[in-house]
Amino acid sequence: MKKISTILIVDDNKSDHIISQVAIRKYDASINVLTAYDGQEALDLLETLDTPPDVILLDINMPGMDGHEFLEEYSKEPSPISIVAMLSTSNQESDKEKCLAYSFVKQYIVKPLEEDDLGVIAALL
Amino acid sequence: MDYTYEESLERQPRMQTYQELESLKHAYKLAGLGYWSIELETEQLYWSDEVFYIHGLDPETYIPALDNTADLYHPHDKEKASTLLQKAMAHGEAFEYELRIVRTDGSTRYVRSKAECFYDDGGRAVSIFGIFQDIDDEVKEKHRVEIAEIAHKTHIDGSGDGYWDWHIQDDYEYMSPRFWEILGYLPEEKPHSPSAWQDLIFEDDLNVALDNFNKHINSKGQHPYEQEVRYRHKNGSTVTVLCRGKVIEWDDNGNALRMVGTHTDITYLKAIEKELRQSREQYDLAVTGSSVGLWDWNIAQDTLYWSDRFKEIIGIRDVLHTASFAEFEQRLHPEDRPIILEAVENHITHKEPYDVEYRLQHDDGHYVWIHARGQAIWNRRGKPTRMAGSIDDITIQKNSEIILEKALDFQKLLMKVNTDLIFVKDEKHRIVEANESFIGLYPEEQRDKVIGYTTVEDYDPDEAEAFLAEDKKAFREGLSEVVETILFPDKTQRTLLTKKIRFEGFNHEEFIFCIARDITQLKKIEDELLKANGELEEFAYRTSHDLRSPLISSKKLLDIIRENIEQGDIDTSLSYLDIVIDSLRKLEELVSDILKITKLNNSELELTSVDIKALIDDSLQKFSHMDGYEDIHFYCQYDYDKPLILQKEHLILVIENLLSNAIKYRDGSKSESFVKVETERNGNQVSVKFTDNGLGIPEKSRRKLFTMFKRFHPNTAFGSGLGLYMVKKSLDKMGGDIEYNDVEQGTQFVVTLPLSD
């Protein structure tokens, strides 16, 4: 198990940002948290980073570039090194399958994100 | 020589030179003319040789004299000849006659004589000179023509028949050679007297003839002189002759003077008739109890025999009923009459087969369908004498035929009026039958090239291959059913539900009956329904997501707030509470939009007069409290400001959404934000243009602009994602449209609204 040092939260909803941040702080307050409000913003941010985040928490439903579109763009990266955990309001099978088809998508989490979910994610690193 | 003989006599002394006289004689001889003269002083009669010859007398032995020549004339003409000659001798009167002489061999010949007197210088008659000519052939020919004319006039067909000419008072009767030929004699063998034929006729028949003759005379020719009489042929056999005649000359006292007539040999016909009667009787016997009726028309006598069965078919109960051709004609259905009479005529004159169907009137008044066949008999000279045949009552068949015909007509009518495409193909995929709807798919100039052709080349090769495959399936399996979309030769694309069913023709060849229903419209509706269903599904999914999402978040956030309050962190709690409140406010907005959509889809709103300028002013007033409103310059230009007739609520929804979007998505980085509204009339439409210099729509998102739950602006998102979807829906309901125009900076929507008359 590797220690998580940086997490990128991609979500359009302010409430969910707070919820995720509170969960991360409870799990490990030392984790560095980055935020983006849609897929495009996240891609732009990743572009600027020297070290990619260990985990990307990705919301599916977003205005602008949504979660699915982000995954498609991200898969074109030469080496997508971050693992991605999906955050979804509903546990819809078709959606889940589509996301888990990408090798770098390791987890599909139904909102809200809980402290325990981060332990599971860390175990996958 | 320019003088006539008379002139030469006047100008020159009598007794010309021998030579001149000889040449004159010679000329007369050549012309077949005889001549005679009487010296009045001596009453001496001179005949040229021709006169002797015409009389059949020898110039060497016979000495003509005024007192013996009258006897040479036919008893009937003797008096006339004497009178004319006496008048000429007494008064110098010229004369001309055509009279009969009787030659020494007993034969009678017609002669013509023309005579004139000659006078001396003192004006005294000195001589009579006359020409004498045998005109028997000429007269007989004339008579023959007369008789033919009479025969024609009296409807006696004289062609090929013998004829006779009876001078009743003189007991002289001329029989044409044909008559004697009929009886086997040469004309020379028999005298020109009624006794000649009366010796050869059967006694009973002579009595019939005499009886008819008396009746004919007594009725002044009204009673027909016509009978079939038997003669003994020279060879002993019996000959039957149809004898007809008519008096053509009467004297002032009403006595018949001259009668003419014809002889027709009907021996052969009689034999046939007898044979026919026998065979008919046999046939009658053979078919008794069968359905066949018999008829036998004697054309010459105009009698018509109908067998008992014939009578039964047309309901005649009177077994003694005698029919006539006129009755047959009368009973024929008026529609059939001309056709049948023509068929009879064609048979008896052109020998065309007589095999016909017609309707005969039953005694009860209704018509019976008859199938008739017949055969005429012609005499040796090609004249029809009888026609006989059989009839069948085909009413039942005919009625079922008519029913079938009507059913067929009805079927054709059904095919014609059917809007489905109905056609029949043979095994080579050729169209053998098609209804109007089907043929109508081809351009007019091509329509006569449909039946009998595959027309495969008129279709897209892939489509043709597909429908030919269906043909083959139908031939193989008996049935094929498919929904196909085909581009037809008339350039229309149709979706068809096509059924093809195999069937067998009369000669066991196989066909497929094809019926294609145009379901283009149905398909379109189905597609629309599918789309609407898809939308509904999406709507349900999105709704559940977008409704649940803020609820789940808010609930979780409230848990966090509780924890914070318990830990005494009031400031954080309060800021989180604001977020919860904002989230719930948006939820409320979403629920309200969803309700609006439901209303949009389900209600029919009333048409009202709408002032677009007033609506825009109201909306701007309503949004004046919104964030950023103060920073925006609004420009409104109403080139069209007349009232519109449409559903006001829909138009309000459109204007409010577009204006609020323009305010929400203004570009805060710009020093000056503006929103421009312009109205303009384009034909029968009004366009309302909304232009701003706000954030604009990212290029890749534009195609999804008017779909549900699409938000395009991260971070600034506070819409339900239903706004433009509702705008589009409302415009659809109003018959309008919306278009997004690509502008360099910001957004431009052009709304078009229909202008009502």
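Where a number appears in this text, it was derived from the coordinates with a stated rule and is not lab data. The structure displayed is predicted, hence computed values, not measured ones. As a convention, Cβ positions derive from the backbone with ideal geometry for all residues, glycine included, and neighbour counts pool all protein chains shown.
Taking chain B as the reference, fit the longest principal axis to its C-alpha atoms, fit the long axis of helix B:18-30 to the helix C-alpha atoms, and give the angle between the two in degrees, 0 to 90, nearest 10.
In chain B, helix B:18-30 runs at an angle near 50 degrees to the longest axis.
Mind checking the dipole of the stretch B:520-602: about its Cα centre, +1 per Lys or Arg Cβ, -1 per Asp or Glu Cβ, Debye to the nearest 20?
Working: 12 positive and 17 negative charges, 82 e Å.
For this selection, approximately 400 debye.
So how far apart, in nm, are the two label points at B:Lys428 and B:Tyr453 if each is 7 Å from Cα heading toward Cβ?
Going from the B:Lys428 label point to the B:Tyr453 one covers 1.5 nm.
For B:Tyr629, B:Tyr73, what ranking results if the residue with the fewest other Cβ atoms within 10 Å of its Cβ goes first?
Values: B:Tyr629 16, B:Tyr73 20.
Listing B:Tyr629, B:Tyr73 from fewest to most nearby Cβ atoms yields B:Tyr629, B:Tyr73.
Based on DSSP H runs of at least 4 residues, each adding -39500 (n - 2.57), what is the mean residue ellipticity at 222 nm of chain B after dividing by all its residues, to the nearest 500 deg cm²/dmol?
Numbers: 20 runs with 302 residues, N = 757.
After summing the helix terms and dividing by residue count, I get -13000 deg cm²/dmol.
Relative to the first principal axis of the alpha-carbon coordinates of chain B, what is the inclination of helix B:723-734, with its axis defined by its Cα atoms, in degrees from 0 to 90 and to the nearest 10?
Roughly 30 degrees between the two axes.
Take the alpha carbon atoms of the stretch B:200-261, find their center, do the same for the stretch B:34-96, and report the distance between the two centers in whole angstrom.
Here the two parts' Cα centres lie 38 Å apart.
Excluding same-chain residues fewer than 8 positions from B:Lys78, which lysines have a Cα within less than 17 Å of its Cα?
Result set, ordered by chain and number: B:Lys87, B:Lys114.
For chain A, what is the calculated [θ] at 222 nm in deg cm²/dmol (nearest 500), taking -39500 (n - 2.57) for each run of four or more DSSP H residues and dividing by its residue count? Don't skip to the end; give the middle numbers.
Values: 5 runs with 51 residues, N = 125.
Mean residue ellipticity, 222 nm, calculated: -12000 deg cm²/dmol.
Starting with the fewest neighbours, write out B:Glu630, B:Glu138, A:Glu41 ranked by other beta-carbon atoms found within 10 Å of each beta-carbon.
Values: B:Glu630 8, B:Glu138 13, A:Glu41 19.
The order, fewest Cβ neighbours first, is B:Glu630, B:Glu138, A:Glu41.
What list do you get for B:Leu497, B:Leu487 if you sort them by fewest beta carbons within 10 Å? Could you put the intermediate results ahead of the total?
On the way: B:Leu497 16, B:Leu487 13.
Taking fewest neighbouring Cβ atoms as first place, the list is B:Leu487, B:Leu497.
Say a paramagnetic label sat at a point 7 Å from the Cα of B:Gln446, along Cα to Cβ; which residues of the stretch B:487-506 have their backbone N under 12 Å from it?
B:487-492
Straight-line reach from B:Lys425: which aspartates and glutamates have Cα under 13 Å away, leaving out those fewer than 8 places along the same chain?
B:Glu433, B:Glu470, B:Asp471, B:Glu504, B:Glu509, B:Glu510
Within the stretch B:154-276, what is the number of lysine pairs with alpha carbons under 20 Å apart, leaving out pairs fewer than eight places apart on the same chain? Write down the numbers at each step before the final one.
Details: B:Lys190/B:Lys234; B:Lys215/B:Lys246; B:Lys220/B:Lys246; B:Lys234/B:Lys270.
Counting lysine pairs in the stretch B:154-276 gives 4.
Where the centroid of each part is defined by its Cα atoms, how far is the stretch B:470-492 from the stretch B:651-680 in Å?
Rounded to whole Å, the Cα centres lie 54 Å apart.
Considering only Cα-Cα distances, which of the following residue pairs are longer than 28 Å: B:Lys586/B:Lys700; A:Lys76/B:Lys704; A:Lys96/B:Lys729; B:Lys80/B:Lys142; A:Lys76/B:Lys670; A:Lys96/B:Lys700? Could the numbers behind the result be given before it?
Details: B:Lys586/B:Lys700 26 Å; A:Lys76/B:Lys704 24 Å; A:Lys96/B:Lys729 32 Å; B:Lys80/B:Lys142 21 Å; A:Lys76/B:Lys670 35 Å; A:Lys96/B:Lys700 25 Å.
Over 28 Å Cα-Cα: A:Lys96/B:Lys729; A:Lys76/B:Lys670.
Counting only C-alpha contacts under 8 Å and six or more residues apart, can you give the relative contact order of the stretch B:270-399 as a whole percent? Don't skip to the answer; put the middle values down first.
Details: 201 pairs, mean separation 31.7, N = 130.
After rounding, I find 24 percent.
Note the angle between two axes, namely the Cα long axis of helix B:203-218 and the longest principal axis of the Cα atoms of chain B, as a number of degrees from 0 to 90, rounded to the nearest 10.
So the helix axis and the longest Cα principal axis differ by about 80 degrees.
Using R₀ = 25 Å, calculate the FRET efficiency as 1/(1 + (r/R₀)^6) where r is the Cβ-Cβ separation of B:Tyr268 and B:His76; round to 0.05. Numbers along the way, then the final one.
Details: r = 38 Å, r/R0 = 1.53.
For R0 = 25 Å, the calculated efficiency reads 0.05.
Starting from the Cα of B:Glu98, step 7 Å along the direction of its Cβ; do the same at B:Leu479; then give the gap between the two resulting points in nm.
9.7
What full-extension length gain, to one decimal in nm, is calculated for B:Ser671 and B:Asp518 as 0.36 nm per residue of separation minus the Cα-Cα distance? Spell out each step's value before the answer.
On the way: separation 153, 0.36 × 153 = 55.08 nm, distance 6.06 nm.
Full extension of this stretch gives 49.0 nm more.
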